[in-house]
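So the structure is just underneath, and the comments pick up after that.
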Amino acid sequence: MFRIVKIRSFEVGLVFQDGEFRRLLLEGRHWFFDPLRKMRIEVVSQREPRLAHEKLDMIVRSGVLTEQALVLDLKDHERALVWVDGRFADILLPGLHAFWTAHRTIKIEVVDVRDVRFEHAETATIVRHRAALISLEMHQVEEGRAGVLFLDGKYVATLRPGRYVFWRGVAHVQMVQLDLRETNLDVSGQEIMTADKVTLRMNAVVVYRIADAHRAVTVSDDVRQALYRETQLALRAVVGARDLDAFLTDKDAVAAEMEQIVRRRAGALGIEIVAAGVRDVILPGDMKDLMNKVTEARKAAEANLIVRREETAAMRSQANTAKLLENNPTLMRLRELEVLEKIASAGHLNVVLGEQGLAQRVVNLL
């Protein structure tokens, strides 16, 4: 019929009778007369700072916790950061919460989560705690990238490299990251027909970087694939308007025109074109043989033309010399003496006399 309950210095007793909360028991010995066994006493330790009880609402309404504990009633748009003895301890969700204050130093920060982004001076400490896995979601934007942030499908901001933390369950957070560095796009294996019906196999390359991350995400579902398609179409349009000879003669003009078309379209996609050009041109096998024959014939014709030009020049020089000697007997005599000098220097001279007139002229020369 009589019960004795001892409450130590770090404990508190919760007294219930017929399922209703009645009062607290503080340190000391307490006597109870309970012949019908309708009284229940629960002893809880204040060394565990949080008072977690299924009938916490009844205990709070009684008012007995006013001087013993810190009570919070968080609304749906509120969360609370709990610090115990200067160390981060927990993140509280909406609901009723109570913390004993007699033996521990409790600090509570209530936060309005309608501002979905979480910012705090001790963010690095908070996100390492296990409670952050339930209440917070983290996104890391790496160096050289940009993060395009959407909340509930609406664009909010373009974020620079860094760590960003958001409250869970408040809004749908979507972070799309884009690489801002220069990137190569290979447009290879393109079979394109020229204006004179010759099929070429071509490889092109485009060097680009993201200039407007927001536009790059919202204008196209895949900006790289969109740029690939635009480059492909531009290459076909430029090459298809030219004959093979015109294309091979001025490939730089083809590359410049293609780059101009791609650059104009890339601006609408949020992309800046750094460079673009045709890397390889592969002719069909039979066309390659034909081109080799044409080149060989052209080179042979050029060589023949050079020979004929040199022969013409030599003949023209000889004609000029003959005319000069004809009009100048003294110069003719000097020329004859030069010839005789060369003959005499050989060390052996054979003179064959035939016709009387020729022999007489040779004797006269000697």
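Taking strands (runs of 3 or more DSSP E) that do not extend beyond the range 1-61, which have at least 2 residues that are aromatic (F, W, Y)?
Ranges flagged: 28-33.
Criterion first (hydroxyl-bearing (S, T, Y) and touching a residue at least 40 places away in the same chain (Cβ under 8 Å)) does S45 satisfy it?
no
Determine whether E48 is under 30 Å from I134 (Cα atoms) and of a type in the set (D, E).
yes
Which residue out of V170, V198, V141 is surrounded by 14 or more Cβ atoms within 10 Å (Cβ to Cβ), within 27 Å of I273 (Cβ to Cβ) and of a type outside the set (D, E)?
Selected residue: V141, the only one of V170, V198, V141 that is surrounded by 14 or more Cβ atoms within 10 Å (Cβ to Cβ), within 27 Å of I273 (Cβ to Cβ) and of a type outside the set (D, E).
Among the residues of the range 147-201, how many are over 25 Å from the mean Cα position of the chain (by Cα) and in a strand (DSSP E or B)?
Final tally of qualifying residues: 7.
Within the range 86-122, how many residues are within 46 Å of the chain's Cα centre (by Cα), closer than 16 Å to E48 by Cβ and exposed (fewer than 15 other Cβ atoms within 10 Å of the Cβ)?
Adding up the residues that qualify gives 1.
I'd like the full set of residues that are under 17 Å from L92 (Cα atoms) and among the polar types (S, T, N, Q), limited to the range 110-156.
T123, T125, S135, listed by residue number.
Would you say L233 is modelled with pLDDT of 90 or more and either within 13 Å of the chain's Cα centre (by Cα) or surrounded by fewer than 16 Cβ atoms within 10 Å (Cβ to Cβ) (or both)?
yes
With the checklist (1) assigned to a helix (DSSP H, G or I); (2) loosely packed, with under 14 Cβ neighbours inside 10 Å in hand, flag the one item R224 doesn't pass.
Condition not satisfied by R224: (2).
Any idea which of (1) surrounded by fewer than 15 Cβ atoms within 10 Å (Cβ to Cβ); (2) under 30 Å from A213 (Cβ atoms); (3) in contact with a His (Cβ under 9 Å, 6 or more places away or on another chain) is the one A52 doesn't satisfy?
(2)
Taking the conditions exactly as written (polar (S, T, N, Q), buried (at least 18 other Cβ atoms within 10 Å of the Cβ) and in a helix (DSSP H, G or I)), does T218 satisfy them or not?
no
Using beta carbons and a limit of 8 Å, which pairs, at least six apart or on different chains, have the first residue in the range 225-239 and in contact (Cβ under 8 Å) with a residue 12 or more places away in the chain and of a type in the set (S, T, Y) and the second one surrounded by 15 or more Cβ atoms within 10 Å (Cβ to Cβ) and in a helix (DSSP H, G or I)?
These pairs meet every condition: T231/M258; T231/V262.
If you scan the range 135-146, which residues turn out to be more than 19 Å from the chain's Cα centre (by Cα), part of a strand (DSSP E or B) and in contact (Cβ under 8 Å) with a residue 40 or more places away in the chain?
L136, the sole residue that qualifies.
So which residues in the range 247-279 are without any contact (Cβ under 8 Å) to a residue 12 or more places away in the chain and either outside the structural domain of D222 (by TED's automatic domain parsing) or farther than 20 Å from I210 by Cα (or both)?
Listed by number, the residues that qualify are T249, D250, D252, A253, A256.
Identify the single condition in (1) free of Cβ contacts under 8 Å to residues at least 40 places away in the same chain; (2) assigned to a loop (DSSP other than H, G, I, E, B) that R104 does not satisfy, given that it satisfies every other one.
Failed condition: (1).
In the range 62-76, which residues are among the β-branched types (V, I, T) and either touching a strand residue (DSSP E or B) at 6+ places or on another chain (Cβ under 9 Å) or in contact (Cβ under 8 Å) with a residue 24 or more places away in the chain (or both)?
V64, V71 - these are the residues of the range 62-76 that are among the β-branched types (V, I, T) and either touching a strand residue (DSSP E or B) at 6+ places or on another chain (Cβ under 9 Å) or in contact (Cβ under 8 Å) with a residue 24 or more places away in the chain (or both).
The values are calculated or read from the model by the stated rules, or taken from the named source; none is laboratory data. Nothing here was measured: the structure is a model prediction, and the numbers come from that model. Heads up, the Cβs are rebuilt from the backbone with ideal geometry, glycines too, and the neighbour counts pull from every protein chain shown.
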